[in-house]
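Encoded as structure tokens, the structure appears first; notes follow it.
The values are calculated or read from the model by the stated rules, or taken from the named source; none is laboratory data. Bear in mind the structure is a predicted one, so any value in this text is a computation, not a measurement. Because the Cβ atoms are built from the backbone with ideal geometry, glycine has one as well, and the counts that use them run over all protein chains shown. Just the protein is used for accessible areas: all its heavy atoms, side chains included, with ligands, DNA and RNA removed. Shrake-Rupley method; radii C 1.70, N 1.55, O 1.52, S 1.80 Å.
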Amino acid sequence: MPERHFSTDLFKFLRELKNNNNREWFAENKQRFEESVRGPFLRFIADVAPMLHGISARIVADPRPSGGSLFRIYRDIRFSKDKSPYKTHVAANFPHLGAGSDVSAAGFYLHLEPRASFAAAGVWHPDPATLARVRRGMVERPKEWQAIRRSKLEVHGDKLTRPPKGFDPNHQFAEDLKLKDFISSVRYTDKEVCDPKFILQFVTACRKMSPLVQFLTASLGLEW
């Protein structure tokens with residue numbers, strides 16, 4: 001039986017943070033955050049790393065407390081009307097090794113939030129050059145994209161109202177070419193996240209969604 005990483009204390013902390021999103025409360029509860037949220041997630045990242053490498057050795061799962069896979073709890077409020085200083089979820093990014101520091105690069109993602117946890121794979125909000133390369137990949141390697149579609153892997157994201165400029169509006173993948181994100185995801189209940197087998201569930205989901213990540217990385221000229 002795998003070791004349990006997350007407990008109900010994680011979700012309890014996040015619910016309370018949502019109702020007390022200020023620096024004074026967070027300072028008073030910083031030890032709870034370290035023990036119930038940050039620490040367990042860093043251990044999860046360390047333990048899941050070799051499992052993700054079983055899918056692709058080029059997937060990065062970095063358990064460093066700073067600069068690793070785990071996103072900071074602090075919000076960037078510089079250009080936001082909402083000045084709440086903290087996020088009310090915790091998340092980690094597991095990108096392709098060739099992605100550098102680009103958080104929108106192809107890879108896997110885990111998001112934990114009360115009653116709204118999910119795993120995801122793909123590329124989210126890519127820059128125009130990356131988006132163009134992915135779309136060209138669909139046109140130049142239609143059999144590979146068709147295989148993903150036939151696998152019944154749901155791919156979703158924001159879409160244009162019309163096919164992008166420079167692409168045949170009557171192309172067999174015209175609807176997919178409208179996509180501005182290429183994401184597949186799996187949702188989890190709080191109970192599932194707190195189960196000792198959750199790490200296995202997450203890796204199973206990543207493996208199922210990996211053909212999408214493999215296609216995207218190939219479109220960007222990266223080895224899988």
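Observations
- Heavy-atom accessible surface of segment 132-224: percent carbon and sulfur, 1.4 Å: 49 percent
- For the chain, accessible area per residue (1.4 Å probe, heavy atoms of protein chains only), Å²: 55 Å²
- According to the Cα-based calculation, Rg over Rh for the chain is 1.00, with Rh computed by the Kirkwood formula.
- Charge dipole (debye, nearest 20) of the chain; +1 at Cβ of Lys and Arg, -1 at Cβ of Asp and Glu: 420 debye
- The dipole here belongs to segment 104-224: it is taken about the Cα centre, uses +1 on the Cβ of Lys and Arg and -1 on the Cβ of Asp and Glu, and is about 320 debye.
- Whole-percent pair-distance distribution, where bins are 5 Å wide, for the alpha carbons of segment 33-72: 6, 27, 28, 22, 12, 4, 1
- Helices of the chain meeting both criteria, an alpha-carbon length of 20 angstrom or more along the long axis and an average Kyte-Doolittle score not below -0.5, with helices taken as full DSSP H segments, are 39-53, 198-219.
- Projected onto its three principal axes, the C-alpha set of segment 55-141 covers 45, 31, 26 Å, listed from the longest axis down.
- C-alpha center-to-center spacing [segment 174-203, segment 1-76] in angstrom: 17 Å
- Cross-link check: pairs 12/87; 83/180; 30/83 evaluated at a Cα-Cα cut-off of 24 Å; pairs beyond the cut-off: 83/180.
- Which of 39, 224, 54, positive extreme of dipole for the chain (C-beta unit charges): 224
- When the Cα atoms of segment 94-224 are aligned to their principal axes, the ranges along those axes come out at 48, 28, 24 Å in descending order.
- Heavy-atom accessible surface of segment 1-95: percent carbon and sulfur, 1.4 Å: 48 percent
- The value of relative contact order for segment 63-210, using C-alpha pairs under 8 Å at least six residues apart, is 21 percent.
- Estimated distance in nm for a label pair at residue 7 and residue 34, the labels positioned 7 Å out from Cα along Cα-to-Cβ: 1.7 nm
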